[in-house]
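Step one of this worksheet: look at the structure below.
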């Protein structure tokens, strides 16, 4: 199940925190998804992290963006996708 850029819907609080802290917000959500032990919560954590990553990618769109962070974002999306696939086994 992939996410399209139009599927991202964040609360006003998420948008504000993403704007204020940039890369810290998506990283925290990503780590929370990776280490969530409750199988009833993990899908929501993965979805939330993916949404924040896609929002950050949009913020970084353009020639002045940080290539290292863009690679990190791509790697994080790949890891979340792999985690989701492992949970479906």
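Highest average first, the peptides 45-54, 60-69, 78-87, 28-37 ordered by how many other beta carbon atoms sit within 10 Å of their residues are 45-54, 28-37, 78-87, 60-69. Spin-label pair residue 37-residue 86: with each label point 7 Å from Cα along the Cα-Cβ axis, the two points sit 1.6 nm from one another. The convex hull drawn around the Cα atoms of the stretch 12-88, when projected onto a plane and averaged over every direction, covers 5.2 nm².
Read the figures in this text as sums done on the coordinates, not as results from a lab. Just so it is clear, the structure is predicted and the values come from calculations on it, not from any experiment. Cβ coordinates were reconstructed from backbone atoms using ideal geometry, including for glycine residues, and neighbour counts include every protein chain displayed.
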